[in-house]
Every structure is written in C-alpha cells, then in structure tokens.
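Asker: Take this structure first; my questions come after.
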Amino acid sequence: MSARPSRILILGGGFGGVYTALTLEKLLKAEIRRGEVELGLVSRENYIVFQPMLPEVISGSIGLLDTITPIRRLCPHTNLYTRTIESIDLDHRSVASTAGFGSRQHHLHYDHLVFALGNVTSFAGQPGLAEYALPFKYLGDALTLRNRVIHTLEEADIEQEPELRRALLTFVVAGGGFSGVEAVAELNDFVRAAARGFRNIRAEEIRVVLLHAGRLILPELPASLGEFAQRLLARRGVELRLNTRLAGATADTALLAGGDRIATRTLVSTVPAAPNPIVAMLPLPMDRGRIVVDSGLEVPGSSGVWAVGDCAAVPDAKTGGLCPPTAQHATRQATHVARNIVAALRGEPKRAFAFTALGKMGSLGRRSAVAEILGVRLSGFLAWWLWRTIYLMKLPGLDRKIRVAADWTLDLVLPTDIVQLKTDRALAVRREYFEPGQVVFREGDRGDWLYVVTEGEVEVLKDGGAAEPTPLRRLGPGECFGEIALVSDRPRSATVRATCATNVLAVDREAFQALFATLPPLRGFFESLIETRR
Ligand SMILES: Cc1cc2nc3c(=O)[nH]c(=O)nc-3n(C[C@H](O)[C@H](O)[C@H](O)COP(=O)(O)OP(=O)(O)OC[C@H]3O[C@@H](n4cnc5c(N)ncnc54)[C@H](O)[C@@H]3O)c2cc1C
C-alpha cells in the first residue's frame, strides 16, 4: 500500500452503504489502526432505517426510533459525514456535499468510491400526487402517515357533513407489491383498533382500499400466496381494487385511470421508484436508471468506482437478468464489494458476485404473513412467526433487537396508542393541483392563501344570490388570485374554480402579509391590481 492513506468513500447510509463500511472495518482493522486506510461514509441521516419493519411504525407496534440504528455506533472506525450529496466529479475524484448549518460546500476526495444511494419515490407525470399522496419509504413517511390517520379520525369524530365524513374515514393505498401490502395491512389494523377510542366513529364507516394494477397482489410470490393474502385482507375489511391504476389526486380525491374517483383524505402511494437524481446525473453507463457494474460490482471503464444495492444494475448469474432491489441483495452485495475493494488494494483479482435469495416474506399484520423460504411456501401464523424471528435477528444492533422484542411483547397487552405528534411546520409556499370544475375557494370563505396559476386556467365567479353565478374573468399562467381577501382581511368576495386541469402555487396568508408589508414594489403591484379588479 502507498504512504498516503487509501481513501475509501461510501455514498449512502442504507443497507448497501452501512454493510460495506461494516465489512471494510472488519477486513481492514489493522490498516485503519495504522493510518494506511481511511473510511468515509456520506449520508443524509446519521442512522440506517430497517425498512422491512417500517410498516409496523404506522400502527405503533414498534416504537418510532426502534427501527433505526445510529451509523456511528455500528461503524465506529468510519468517518461519518451527515450531509446531502450535491454533485460528484469523477474526473477529479471528489464529492461535494452541503454543510449542515451554512451554505458553504464541503469536498471529499477518494481513491475508491462506492455508490449505495438507493432509489427515490417519484410522482412525476401523475397530476396532484406530489402535492397530495404520501410516499412510504423513509422513517419520516411512516410517522407522517400515522399522524395523518389519527388526524383524520379526530376530524371525523366531530364532522357532521356526511360526504366529508366519508372522505375522512376512507384510506387508500396504491401498490400491491410488498411495501403496499404490508402498509395497507398495518394501516387497516391500526385504524380499526384506534377508532374504538373515538366516541362517534362506527366501525362500518371505515373504508380501507388497496389499488393494484395487476390481477393478483404480491406478484413477487407464487400465486397461491398472493391469493391467500387477498382472501385474508378482504376478510379483515380491506377493499381490493385489482387491475386498477392510480392516475392522480386532488386534496380530497384519488383519481383512478378510467375515470373513477374515491373521496379520501389519506392517499398513500408505494408505486413509483425512480433513479436517485444524483445517480441520474452521472456520466456512467446506466440500465433503466441504475449504474451498470460488472460481476465484481465495479463500473466498467471506471477503475475504483463501485456500486451496490437499489442504485446498481448488478448482473444475476443465475437468471441472466438483474438482481432485484431488495435489502437481502443490497447487504450481500455490500459484503462482496468490500472484499473486492480490499483485493484491489492488495493487488489481488476481484471475484464475481453470486447470490441466490433464501426466500421472500411479507407481513399481513395481526399474526399473519406469507413466505417462500428455500422453495417452501408458508402462510398464516407460522409464516408470521418466522417473519418476526428472521427480521429480529437481522435488525442491526443488540440494543435495537431488545427494544423491538420489548415493543412486540408490550403490544400484546397494551391498548393502541392514538397520540398525534404535531412535528411539521406548515409550508409557507406549496403547490396544488385542481381538476376541471373543482372549486379552489368559495365566496364567503376565509382568505387564507394567495394563488398564482402555473399551468391551466381558473374562472372567477360572483354568486350575489343568483341561481347562476356571474363569470367575472378567467385567469391563466402567471396571473394571481385571492389577494383581495388577504389585503382587506375580509371573507372571499368571489368563488374561483378550475376550468381545466390546473396547477397553482399557493402562498400562505402570513408569508403574503409579511411580503406585502415590507416590500413596497410588491405592495404597489397588488394595490393597483385590486383597484383594477374592483
Ligand atoms: C416499506 C419498505 C419495506 C421493505 N421491505 C423489504 C423486505 O421486507 N425485504 C427486503 O429484502 N427488502 C425490503 N425493502 C427494500 C429494501 O429496503 C431496499 O432494497 C434496500 O433498502 C436498498 O438498500 P440501499 O442501500 O441500496 O438503498 P437505501 O436503503 O434506500 O439507502 C440509500 C441511502 O442513501 C442516502 N441518500 C440518498 N440520496 C442522498 C443524497 N443526495 N445525499 C446523502 N445521502 C443520500 C439515503 O438517505 C439512504 O441512507 C423494503 C422497502 C420499503 C420502502
């Protein structure tokens, strides 16, 4: 090895990244101690999320922090940079990330670079999903969903208007793969158990819907297990809408391909996984958004650049295709890439990756699961028991194992927790989507937002007690509305509704009033606009 320490930099703190660091720490213990090798890991969070257990965070059967393990504790000999990666310069072997509190950029240099950045949830191309659908991938998503469910129950308990009440008590999950099915199973159990704590909600008012584009859910498993899961979920009250795609959303409706609508205030989408934008920008060979690697997990033509996990297109020697994006594969690839990097440092040849998954498992909530392990198909209680045992063993960190085992034990005897944590600060500026004919606000409503049309068109209507409202004007891209009520501090003086599919930018009352009071040119603009419109 050379006199300067060899720098190995890992990007991503999920299964791929953390297990690469863990294995390198073990294999290069002496070299790290002697200062011959430096290990670095850059990740947005300082913890690894154990995603297979994430659905249980919705119901609270596992404590929020018990599915995550601090990376510092798992990898004590790795320099952890808790940062957001901004760009990668492969020519100069450098990675730029944003510093924590300031806007100054931070640069890290490497000799070996491991990409383990996973994929991201993308709602591109489906109107309204980015604004209204909840993703389900990170810890924060599970917490947001849990809080949303409790919030809707709180609202429904006091809501008298039947239509609004129905939307509040309808929960829709899109995606019949593992994460969608596990999420809908937990959500269904949770909402039905939690509703018992509310005086005015009846069990028969609750509607939980799973949308799946195919004919059978869990297509990754043999058909008999998918059929078992469908029967079980249906028995527990989940409405299965098969051969049905989610096409978009508004604030209170799930829009289905083919024109159907489901009124809901809780829409979860587990379907779209897109390439990580940092990965998509790289001048490296790609296969459907994943970095192409050879059988040794190194990028062809880029010596010292490696990739593992969901962001890598790893050839599967058995099937001739690509390895599936699972935690099982990511961890095996991670230990393998670590061995190959050590071989490269020592001038030895790298070895080809080969791994056959031991099985697949999916939890269906309340002591039931489906599993196929070493070709054996299991369903019901035994599969659930195996699911829990295997995942408990795989959960990184002894303290987390103890905590989760304690959570599961207490969950058997304690009532469902219905505390709603209000952690999010409301956004001052947000995007919204409106369907043709949908009302943005009505005459007489409180003025709470200023709107700017970014795409589409709205019409302004004056009610004035007449049977047919009088159209006042139409507004298109670049034009704003809603300013009169905000400036005058009176209720809305007209109704506004979309004439076609319309996207708007909404600025909240407080932000608008702060700008209005402190920015004279803006104040002048709005005063003359109001004058003209009056
Ligand atoms: C709800 C759910 C349940 C699942 N259940 C199972 C299961 O039961 N069994 C199974 O095998 N698989 C399961 N999976 C799939 C499995 O979790 C993934 O295949 C696995 O996490 C992939 O690991 P990875 O390291 O490639 O990516 P990830 O785990 O996604 O890690 C990517 C890391 O990169 C970081 N990152 C990304 N972009 C940046 C940036 N710009 N700057 C800094 N850091 C960044 C992220 O913060 C994260 O730490 C599940 C997935 C989900 C969402």
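Asker: Looking at the range 198-222, I want the residues that are under 14 Å from residue 270 (Cβ atoms) and have a partner that is among the hydroxyl-bearing types (Ser, Thr, Tyr) with Cβ atoms under 8 Å, at least 6 apart or on another chain. Which pairs are those?
Answerer: These pairs meet every condition: 209/170; 209/264; 211/244; 212/244; 213/244.
Asker: Let me ask something else about it. Within the range 275-311, track down each residue that is touching a residue at least 40 places away in the same chain (Cβ under 8 Å), within 12 Å of the ligand (Cβ to nearest atom) and surrounded by fewer than 18 Cβ atoms within 10 Å (Cβ to Cβ).
Answerer: Listed by number, the residues that qualify are 277, 281.
Asker: While we're on this one: What's the total number of residues in the range 60-91 that are of a type in the set (A, V, I, L, M), within 13 Å of the ligand (Cβ to nearest atom) and touching a Pro at 6+ places or on another chain (Cβ under 8 Å)?
Answerer: Of the residues in that region, 1 qualify.
Asker: Residues being within 38 Å of the chain's Cα centre (by Cα) and more than 13 Å from the ligand (Cβ to nearest atom): count how many of those fall in the range 31-48.
Answerer: So the first thing to find is which residues in the range 31-48 are within 38 Å of the chain's Cα centre (by Cα), and the list is 32, 37-48.
Next cut, more than 13 Å from the ligand (Cβ to nearest atom) only: 32, 37-39.
Looking only at that region, the number is 4.
Asker: Still on this structure, I have one more. Looking at 296, 304, 309, can you tell me which residue is over 19 Å from residue 345 (Cα atoms) and not polar (S, T, N, Q)?
Answerer: Details: 296 fails: over 19 Å from residue 345 (Cα atoms); 304 fails: over 19 Å from residue 345 (Cα atoms).
Going through 296, 304, 309 in turn, just one is over 19 Å from residue 345 (Cα atoms) and not polar (S, T, N, Q): 309.
Every residue, every condition in (1) free of Cβ contacts under 8 Å to residues at least 24 places away in the same chain; (2) part of a strand (DSSP E or B); (3) within 8 Å of the ligand (Cβ to nearest atom); (4) surrounded by 15 or more Cβ atoms within 10 Å (Cβ to Cβ), yes or no:
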| residue | (1), (2), (3), (4) |
| --- | --- |
| 343 | yes, no, no, yes |
| 352 | no, no, no, no |
| 372 | no, yes, no, yes |
| 383 | yes, no, no, yes |
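Asker: Give me the pairs, please: first residue somewhere in the range 312-330 and part of a loop (DSSP other than H, G, I, E, B), second residue anywhere and within 6 Å of the ligand (Cβ to nearest atom) and of a type in the set (Lys, Arg), beta-carbon distance under 9 Å, and either six or more positions apart or on two chains.
Answerer: Hits for this filter: zero, empty list.
Asker: A further question follows. Residue check: is residue 356 surrounded by fewer than 17 Cβ atoms within 10 Å (Cβ to Cβ) and within 14 Å of the ligand (Cβ to nearest atom)? Show your work before the answer.
Answerer: Values: surrounded by fewer than 17 Cβ atoms within 10 Å (Cβ to Cβ): yes; within 14 Å of the ligand (Cβ to nearest atom): yes.
Against the criterion (surrounded by fewer than 17 Cβ atoms within 10 Å (Cβ to Cβ) and within 14 Å of the ligand (Cβ to nearest atom)), residue 356 qualifies.
Asker: Under 7 Å between Cβ atoms, at least 6 apart or on separate chains: pull out the pairs that start in the range 506-530 with a residue that is without any contact (Cβ under 8 Å) to a residue 40 or more places away in the chain and end on any residue that is crowded, with 17+ Cβ neighbours inside 10 Å.
Answerer: Listed by first residue and then by second, the contacts come to 513/486; 516/487; 516/526; 522/516; 523/516.
Asker: Moving on. Tell me whether the range 205-228 contains one or more residues that are touching a Gly at 6+ places or on another chain (Cβ under 8 Å) and among the charged types (D, E, K, R).
Answerer: Taking every residue of the range 205-228 in turn, at least one turns out to be touching a Gly at 6+ places or on another chain (Cβ under 8 Å) and among the charged types (D, E, K, R).
Asker: Within the range 393-432, which residues are surrounded by 12 or more Cβ atoms within 10 Å (Cβ to Cβ), modelled with pLDDT under 80 and of a type in the set (Gly, Ala, Ser)?
Answerer: none
Asker: With respect to the numbered conditions (1) surrounded by fewer than 16 Cβ atoms within 10 Å (Cβ to Cβ); (2) under 26 Å from residue 519 (Cβ atoms), which one is the sole condition not fulfilled by residue 481?
Answerer: Here residue 481 meets the rest and fails (1).
The values are calculated or read from the model by the stated rules, or taken from the named source; none is laboratory data. The model shown is predicted, which means the values in this text are computed figures rather than measured ones. Here Cβ is always computed from backbone atoms with ideal geometry, including for glycine, and neighbour counts include all displayed protein chains.
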